[in-house]
Structure formats: C-alpha cells, structure tokens
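Encoded as structure tokens, the structure appears first; notes follow it.
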C-alpha cells in the first residue's frame, strides 16, 4: 500500500471530487465545489516528491522531469481510480487527483433525460458532451457508453488521456487505449481505430484540428463517435469546431459538421440546496434538419430559437433547466444567476441584484 493511499481513503470518505497536494501547503479537498483544508502539516517538497513518485510509472516520471507536468491513471483496489496530474510550481512539486468511481453509474441513476440515453443506440454520427472542467462530462459519457455496452453487440474503442472509467466488456467488446501509453496521440489512435473494425469510438478530448477532423471523418464513414469539448453551451460548441479550422476551409467544415452531428449535450454542475451534493443541468441540442440548415448557413446564433421550438425532440436550453431547478428549490438564486445565459431572466430572484445585471 502506497503512503498516499491514506489521502485517497480520506478523499473517498469525505465525498471529495478532487485532492490537491502542493509543496509548502496543507492538503486540500474539493467537496461539493468548495476547497476545504485537511488538518495535516504543511507538505515538504522532497517528502511530497517521494510520496508522489511512489505511484508514478517510471516512464511517466521521466517525462515529468523533462516537461514539468504529466497525466496518468492510478487505481486503489476496492476504492476507486484516480486521474493524476503532477506539475512543477514556484515552491516545488504539486499534484491534483480526480476520483473516478470504480462503479459506473447508469443513465437512470444519474437522472439523465431519456433522449440522452437514446444517443447510445444511434447507428452512426457525432455526439459531443461539453462543459467546463469539472462539470461531469466524463461521468455522463461513461453512462452513455455503459448503456451501449449493456444493450448492443458491437466493438467499442475508447481513446483517453488517461483512461478514466473502465468498462468491462458485456454484450460489446470494449478496448481502452491511453494516449502516451498505448498510442502517441488522439489523432494517431483515431487513424488506427478506423482499421480496427469499431462500431463506437469514444474520444476523451477533442483538443486540436487534426483530432476533430478525424472524428468527423469517422462519423461520416459509418461509425458512432462520442467526444468531449470544453465549451459552455451547444451554440458555442458548433462555433468552436468550425473556428479551429482555417478560414478557407470553414465553409466545407460547416457542411461536413451539419451532416455528421447528431447531438450536443452541454452540462453545468450546480450545488444543491435541498440535499448535500450537486446536480447537473443539461442543455441538449438534437441535429434536426432545421438545425443542420442553420449550421450550413452559418446561422448558429439562431440555434437557441430552434432548441426552444424543438422540445418535442428532447431539446432543452440551460436557462429553462435552471428555471425548473429554482421552481423546485433545488438550487440557490445566486447560483442560478451566475450560471444563466440570459441573466436578466433571473435578476428578480436575487436579494441584492447587481447594479448592472448584464455583467457576468
């Protein structure tokens, strides 16, 4: 048992999402979105380095010492998996650990809308799960992949950096590939995947032009592709994909994206008022013919209107979800206001509204 496992046990028992260990400071846990100090001495750089290197694979240690930061996965049997990041900072070494539960929660347990579950049954196309860092994208995506794994008879390939949720093959055969360990890059793994007879490909993060282009190509050639992006809503997701390409290619990219895209699920986490914990607010865009035309014609600013009139297809905008949370006293007015798109809609719920409510 590694010395650091005691911190992971504490993290698990406290229900924390993240553990921060930084030279010169006390350990800290992120619990329900807030940072909380652990009653422990300040960490000494060399002692912390020894403790961290105890769980770091040798090849990753070499990369860290050359580059100053590294990502990898670590598992405590019977407890959980952890996404680990080491980095160098002014006072020495630092590390952040995100807990990845060993048991994958189903879509029903997460309370995901039925339309999200149905995405696991699409024959082909591109599905994007988006949101800021720490918004639960990986958890939602894992539930969708789990639904496919339990109900389809297909080949699923996941490409991640590092591997987070581990899916045990059920009706599907599932192969996990880790960037830096099993493949050089997301793009290299995607190229290889097209020759590995996949039905479903999950790309942990679509970071660059090449990866996005290959993901769209895979979706257009008969595969179901799931990916994540760090964008704040459905409309921004479409713009982000198009804008990463050179201006002279954007017209063709819009056409390709319009044909490939099936759905965008963009989520935000809110702290609950009724019980301890957090709840995800999901904005859902389904690529109906009307939405596809808006993407082709570069009229993404009209997508919100299409979503408002497309509720029968399972579409919903974040502000409507926030309103539902407020009406049921699940979240606070302040949290609603700070995360809303149209903030003017929620000013009336604030006890002390800002003088200029247009400011974010």
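Laboratory data are not the source of any read-out in this text; all were calculated from the coordinates shown. Every value quoted in this text rests on a predicted model; they were computed, and no experiment measured them. Note: ideal-geometry Cβ built from the backbone for every residue, glycine included; neighbour counts use all protein chains shown.
Couple of notes before you dig in:
- Percent RCO, i.e. relative contact order, over the chain, from Cα pairs under 8 Å lying at least 6 residues apart: 12 percent
- Relative contact order for the stretch 107-316: 23 percent, from Cα pairs under 8 Å spaced at least 6 residues apart, divided by residue count.
- Peptides 154-162, 269-277 ranked from most to least packed, by the mean per-residue count of other Cβ atoms within 10 Å: 154-162, 269-277.
- Here the residues 341, 127, ranked from fewest to most Cβ neighbours within 10 Å of their Cβ, fall in the order 341, 127.
- Alpha-carbon centroids, the stretch 214-261 and the stretch 158-200: separation in whole Å: 20 Å
- Inter-label distance, nm, simple model (7 Å from Cα along the C-beta direction), residue 114/residue 79: 4.1 nm
- The residues 202, 315, when put in order of fewest to most other Cβ atoms within 10 Å, stand as 315, 202.
- The chain: antiparallel DSSP beta bridges as a percent of all, rounded to 5: 60 percent
- Protection proxy ranking, highest mean first, for peptides 204-213, 256-265: 256-265, 204-213, where packing is the per-residue count of other beta-carbon atoms within 10 Å, averaged.
- Note on the stretch 327-341 and the stretch 76-123: Cα centroid distance 25 Å, given to the nearest whole angstrom.
- Among 37, 195, 81, residue whose mean-square fluctuation peaks in a GNM of the chain (springs only between Cα atoms under 10 Å): 195
- Taking the number of Cβ atoms within 10 Å of each Cβ as an exposure proxy, the fewest-first ranking of 312, 343, 348 is 312, 348, 343.
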